[in-house]
Amino acid sequence: DPRHDHACTTLFDALPHSQNTAIAKLALKHLDPDALREEARRFGFDAPLLERMPSGAAPSSARIPEDPFGFAEAASGFGDVKLSALHGAVLASVVATGGVLVLPRLTDGEAGEARRVVDERNAETLRRMMAETVTAGTARRAFGSGPRLTKSAAGKTGSLTDYRTGLDTSWFVGFAPAERPQVAVATVVVNQGKWHVKAPWVAKEALRAYFAGQERAARPVVARR
C-alpha cells in the first residue's frame with residue numbers, strides 16, 4: 001500500500017518490537033509455505049513433544065496455508081497455529097543452548113533426545129534479538145518495573161485479542177541470564193475485563209523466584225550455640 005509503506009526496518013528490529021507486518025512481508029519475500037512447514041516440523045510442531053503425552057494434551061500444530069495472505073499470517077505468528085506453554089519453553093531453550101533442541105522430560109533424570117535445529121551463528125543473533133526485547137522492546141516495561149529481576153533476561157512476547165469474547169491473551173517465552181542461560185521460562189495469561197496482569201510480568205516473577213531459591217540454597221549454614 002503506497003500510502004502506508006513509507007518506512008523500512010530490519011528483522012533484527014522487527015522481532016524485539018513485534019512489528020508483525022514487517023515479519024509477514026519478509027516471509028512473503030524470502031520463504032514459501034513448504035519451507036515454513038519443514039521448519040515447523042524441525043521445531044517439534046505436529047508431533048508429540050513428550051514420549052508420554054499427558055491425558056487430553058495435544059501436540060502443538062502449525063497449519064500453513066498456500067494462499068499468500070494466510071501464509072504471511074502464519075509466518076508472523078497468527079493464523080491456525082497452536083502452541084503449548086511447555087513447547088514455548090522448549091523453543092526458547094533452543095536459542096539458549098546455541099541452536100540445539102532438547103526434548104523435555106517431566107521428571108528428574110537424563111535429558112531427552114537432542115538435535116541441532118539452528119546453527120550457532122543464527123542462534124547467537126536470535127539471542128541478541130531476544131535480549132533486545134527485554135531491554136528496549138515489547139517486554140521492556142514489565143522487566144523494567146519493580147521489583148526488578150537482578151539477572152539479565154531474553155525473550156519474545158506475543159499477544160492476541162479475541163474481540164468476540166473480549167478475552168486478551170499474552171505470551172512470553174525466554175530465558176535467563178541472557179548471556180549465560182540457566183533456565184527457560186514460558187508464560188501464557190488470558191485476561192478478561194479489567195484484570196490486566198500480563199505474561200511478561202508473570203515470567204519476570206517466575207525468574208525472580210527461581211534465582212532467589214538458588215541464592216538461598218547457596219548460602220552457607222552456620223552452626224550456632
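The values are calculated or read from the model by the stated rules, or taken from the named source; none is laboratory data. For clarity, every value in this text was computed on a predicted model and none was experimentally measured. Positions of Cβ are backbone-derived with ideal geometry, glycine not excepted, and every protein chain shown enters the neighbour counts. Surface areas here come from the heavy atoms of the whole protein model, side chains and all, with no ligands, DNA or RNA. Shrake-Rupley method; radii C 1.70, N 1.55, O 1.52, S 1.80 Å.
Odds and ends about this structure:
- Pair list, Cβ under 6 Å, 6 or more apart: the stretch 121-143 residue within 16 Å of Pro200 (Cβ to Cβ), other residue charged (D, E, K, R) and buried (at least 21 other Cβ atoms within 10 Å of the Cβ): Met130/Lys156; Thr133/Lys156; Ala142/Lys204; Phe143/Lys204
- The residues listed here are Val102, Val117; of these, the one that is closer than 30 Å to Arg180 by Cβ and modelled with pLDDT of 95 or more is Val117.
- Looking only at the stretch 187-217, residues that are small (Gly, Ala, Ser) and either more than 16 Å from Leu149 (Cβ to Cβ) or in contact with a Cys (Cβ under 8 Å, 6 or more places away or on another chain) (or both) come to 2 in all.
- Looking across the stretch 62-99 at every residue that is closer than 27 Å to Ala176 by Cα and in contact with a Lys or Arg (Cβ under 6 Å, 6 or more places away or on another chain), the one that is least open to solvent (accessible area, probe 1.4 Å) is identified as Gly99.
- Restricting attention to the stretch 1-31 and to residues that are of a type in the set (Ser, Thr, Tyr) and surrounded by fewer than 18 Cβ atoms within 10 Å (Cβ to Cβ), the residue that is nearest to Gly70 (Cα to Cα) turns out to be Thr21.
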